[in-house]
1. Which one of these does I101 not meet: (1) under 13 Å from L4 (Cα atoms); (2) surrounded by 21 or more Cβ atoms within 10 Å (Cβ to Cβ)?
2. Which of the residues spanning the stretch 27-56 are buried (at least 18 other Cβ atoms within 10 Å of the Cβ), over 19 Å from L9 (Cβ atoms) and out of contact with any Leu (no Cβ under 9 Å at 6 or more places or on another chain)?
3. For the stretch 133-168, give me the residue count where each residue is assigned to a helix (DSSP H, G or I) and in contact with a Phe, Trp or Tyr (Cβ under 6 Å, 6 or more places away or on another chain).
4. Of I107, I88, which residue is surrounded by fewer than 20 Cβ atoms within 10 Å (Cβ to Cβ), within 15 Å of the chain's Cα centre (by Cα) and farther than 14 Å from I8 by Cβ?
5. Take the residues in the stretch 13-26 that are buried (at least 22 other Cβ atoms within 10 Å of the Cβ) and modelled with pLDDT of 95 or more; name whichever of them is nearest to D126 (Cα to Cα).
6. Scanning the stretch 133-170 for residues that are over 25 Å from K37 (Cβ atoms), surrounded by 14 or more Cβ atoms within 10 Å (Cβ to Cβ) and out of contact with any helix residue (DSSP H, G or I) (no Cβ under 7 Å at 6 or more places or on another chain), which turns out modelled with the highest pLDDT?
7. Of the conditions (1) at pLDDT 95 or above; (2) over 30 Å from S32 (Cβ atoms), V128 satisfies every one except a single condition; which number is it?
8. For the stretch 106-124, indicate whether the set of residues that are touching a strand residue (DSSP E or B) at 6+ places or on another chain (Cβ under 8 Å) and modelled with pLDDT under 95 is non-empty.
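The values are calculated or read from the model by the stated rules, or taken from the named source; none is laboratory data. The shown structure was predicted, so the numbers you read here are calculated from the model rather than taken from an experiment. Note that each Cβ is placed from the backbone with ideal geometry, even for glycine, and that neighbours are counted across all protein chains shown.
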Amino acid sequence: MRELSLHILDLVQNSITAESNLIKVHIEENSSENLFKIIIEDDGKGMEKEFLQKVKSPFTTTRDTRDVGLGIPLFESACDRCGGELEIWSEVGSGTKLTGIMERNNIDRPPLGRINETISSLLLFDNVDIEYIHKFNENEFVFRSTEIKEIVGEDINSPKVINWINEYILENLQGIGVEIWN
């Protein structure tokens, strides 16, 4: 995939399929430590131990429509190419946590991309709350869909609100120094 935000979108779709109510997307960028970390954590069904052991294989999927699942293997490959690794923890009934670590300045690291659009588009899924935290060096931006829902109620997935959220995320990320494609 050409940008990390598309990896995140794909992996979060797994969380939605696992019937998660809360999905946390945390990104940590630290230029002095040359670190780029993406954590996706959910409270979904979780995975059986046997499935977890083979989930990094492209020939492992829960889908009925095809015999391959490329989201996790492609993300792991991106992490490996960038001097990092992918760790996955999961427990049935408790959820799943993926942690992808990369060298921030690695020439092979894809750009973050339009993470603001990725996060705002996730709000179109009903019954899922999103927590997005982005740390850049000493700065931090926090977005929680629960806080927006308290203000706008059921209108959270209306086009006007989604557009506002998209711009709100973009402005705040740029404000803490995150490079965004726009």
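1. Here I101 meets the rest and fails (2).
2. K45, M47
3. Residues in the stretch 133-168 being assigned to a helix (DSSP H, G or I) and in contact with a Phe, Trp or Tyr (Cβ under 6 Å, 6 or more places away or on another chain): 0 in total.
4. Going through I107, I88 in turn, just one is surrounded by fewer than 20 Cβ atoms within 10 Å (Cβ to Cβ), within 15 Å of the chain's Cα centre (by Cα) and farther than 14 Å from I8 by Cβ: I88.
5. S20
6. Of everything passing the filter in the stretch 133-170, W164 is modelled with the highest pLDDT.
7. The single condition V128 does not satisfy is (1).
8. yes
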